[in-house]
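Working notes, beginning with the structure itself.
The values are calculated or read from the model by the stated rules, or taken from the named source; none is laboratory data. Only a predicted model underlies this, so the values are computations on that prediction, with no experimental measurement involved. Heads up, the Cβs are rebuilt from the backbone with ideal geometry, glycines too, and the neighbour counts pull from every protein chain shown. SASA here: full protein model, heavy atoms, side chains in, ligands and nucleic acids out. Shrake-Rupley method; radii C 1.70, N 1.55, O 1.52, S 1.80 Å.
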Amino acid sequence: MKFFNKITGSKNEIIAENYLKKIGYKILQTNFSCKLGEIDIIAKDKNCIVFVEVKAKSNVDFGYPREMVNKTKQNKIRKVAQVYLLQNHEYDCDCRFDVIEILDEKIEHLKNCF
């Protein structure tokens with residue numbers, strides 16, 4: 001089951017990446033990871049670095065995909081983003097945190113979520 005989830009997650013991240021490219025974002029990195037965790041997509045929107053979490057579900061029986069990005073997950077993403085910024089010498093830049101929700105193959109881009 002874990003292998004299937006990994007394949008499905010990768011497929012959804014590729015869908016999200018293609019969507020971002022289509023709307024003019026430059027993809028800087030995918031699946032950035034460090035000992036603190038992982039960020040699905042790091043992109044650039046004009047002069048802003050965007051840290052993107054991709055969440056997908058086939059239905060809303062147990063809530064929307066965006067609801068899976070709770071406070072604990074948000075804090076983890078923030079910490080991983082700090083590592084990315086330090087490693088890439090991005091000390092004075094605008095950044096934001098987006099969620100791309102894929103629900104039954106429909107994409108919802110939620111900007112500046114947290």
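A few remarks follow.
- Test for residue 26: is it open to solvent by 70 Å² or more (accessible area, probe 1.4 Å) and among the charged types (D, E, K, R): yes
- Inter-residue pairs, beta-carbon under 6 Å, first within 15 Å of residue 109 (Cα to Cα) and in the range 15-34, second surrounded by 13 or more Cβ atoms within 10 Å (Cβ to Cβ) and at pLDDT 95 or above, 6+ apart: 16/54; 16/100; 17/27; 17/41; 19/107; 20/43; 25/43; 25/45
- Candidate set from the range 45-104 (those that are in contact with an Asp or Glu (Cβ under 6 Å, 6 or more places away or on another chain) and assigned to a strand (DSSP E or B)); member that is farthest from residue 16 (Cα to Cα): 48
- Candidates 64, 19 - the one that is in contact with a His (Cβ under 8 Å, 6 or more places away or on another chain) and open to solvent by 40 Å² or more (accessible area, probe 1.4 Å): 19
- Qualifying residue in the range 71-78 (condition: free of Cβ contacts under 8 Å to residues at least 12 places away in the same chain and either open to solvent by less than 100 Å² (accessible area, probe 1.4 Å) or within 14 Å of residue 36 (Cα to Cα) (or both)): yes
- Residue 11 falls short on exactly one of the conditions (1) of a type in the set (D, E, K, R); (2) assigned to a helix (DSSP H, G or I); (3) at pLDDT 95 or above, and that condition is (3).
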